[in-house]
Amino acid sequence: ETIRALAAALDVEMATWVAPPRTRGGPKGAVLHALFPRGTVRPDQVNSYRFEMDPMFEDEGAIVFRVASKELYRRPVDERWPEEIHMEVEMPAAVWEALERGETVTWGFDPADESQNEITASFRPADGDLDAKIAEVEMRLADQDPLVRRQIMAQVYLNAGLAHEAYATALSVAKESPTPTAHAVMKAALEAMGLEGSPLWTDLLVSAER
């Protein structure tokens with residue numbers, strides 16, 4: 001493959017698509033999924049947070065961001081908000097500032113019913129030297145087809161531990177060209193973020209089977 005040959009020349013090892021085994025069912029009951037961000041991120045790439053709710057989710061509570069025990073931001077979830085099942089919301093300034101300070105942020109759904117468990121994910125800023133390494137590869141790919149460039153960069157992000165950025169980039173490729181190479185990066189990124197069984201995992205399997 002042209003992409004694999006080019007990636008090899010750049011010393012970028014590409015993931016290979018292996019279909020995961022099918023499992024029956026999923027989480028029982030109505031669930032809220034705290035999707036992104038997760039894991040290691042570059043602060044300038046974190047502009048929003050995303051969660052998804054099952055249609056029957058009716059629990060009261062709030063979306064909360066914390067650093068250790070310090071609360072940075074709270075937004076109530078009630079019958080008026082959100083109306084959409086898929087929500088992508090602008091990242092609160094206080095959270096972005098915490099990332100800039102190098103802090104690890106935990107976020108998710110804090111239920112009003114104290115007998116229920118919180119639904120959380122965490123993310124942390126990447127080492128500063130990653131930007132220079134990524135920029136070097138981007139420069140070497142500057143003359144390549146944009147789709148090829150994004151596919152290889154998705155793998156570069158994954159290999160650098162930036163699973164969130166890798167998934168988003170590979171997804172953008174898959175929407176234009178749903179290839180096994182794009183699906184392989186998406187699968188590895190979701191596994192790295194612990195999102196097997198999430199709605200995104202289901203969407204990936206459906207796309208890969210088309």
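The values are calculated or read from the model by the stated rules, or taken from the named source; none is laboratory data. All of these numbers come straight from a predicted model, not from anything done at the bench. Positions of Cβ are backbone-derived with ideal geometry, glycine not excepted, and every protein chain shown enters the neighbour counts. Just the protein is used for accessible areas: all its heavy atoms, side chains included, with ligands, DNA and RNA removed. Shrake-Rupley method; radii C 1.70, N 1.55, O 1.52, S 1.80 Å.
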All positions within segment 29-72 that are of a type in the set (D, E) and part of a strand (DSSP E or B): E52, E71
Any chance A94 is out of contact with any Pro (no Cβ under 7 Å at 6 or more places or on another chain) and under 26 Å from L190 (Cα atoms): no
Scan of segment 84-124 for residues that are over 15 Å from V67 (Cβ atoms), out of contact with any Lys or Arg (no Cβ under 8 Å at 6 or more places or on another chain) and buried (at least 18 other Cβ atoms within 10 Å of the Cβ), ordered by number: F109, I119
Residues satisfying the stated conditions in segment 177-210, i.e. open to solvent by 40 Å² or more (accessible area, probe 1.4 Å), among the aliphatic types (A, V, I, L, M) and over 20 Å from A121 (Cα atoms): V206
Any hit, segment 200-207, residues being touching a residue at least 24 places away in the same chain (Cβ under 8 Å) and in contact with a Leu (Cβ under 7 Å, 6 or more places away or on another chain): yes
Where L72 falls short, out of the listed (1) among the aliphatic types (A, V, I, L, M); (2) modelled with pLDDT of 95 or more; (3) within 16 Å of the chain's Cα centre (by Cα): (3)
Single unsatisfied condition, D143 versus (1) part of a loop (DSSP other than H, G, I, E, B); (2) touching a Phe, Trp or Tyr at 6+ places or on another chain (Cβ under 9 Å): (2)
Residue that is surrounded by the fewest Cβ atoms within 10 Å (Cβ to Cβ), among those in segment 128-157 that are under 27 Å from W201 (Cα atoms) and in contact (Cβ under 8 Å) with a residue 60 or more places away in the chain: V148
Pairs with Cβ under 9 Å, 6+ apart, first in segment 35-50 and in contact (Cβ under 8 Å) with a residue 12 or more places away in the chain, second in a loop (DSSP other than H, G, I, E, B) and open to solvent by 30 Å² or more (accessible area, probe 1.4 Å): R38/G194; G39/G161; G39/G194; T40/D127; T40/A160; T40/G161
Selection count where residues are small (G, A, S) and closer than 13 Å to L32 by Cβ, scope segment 84-111: 1
Among the residues listed as A160, A168, A174, the single one being more than 15 Å from A15 (Cβ to Cβ), open to solvent by less than 60 Å² (accessible area, probe 1.4 Å), at pLDDT 90 or above and not charged (D, E, K, R): A168
Flag for L32 being among the aliphatic types (A, V, I, L, M) and modelled with pLDDT under 90: yes
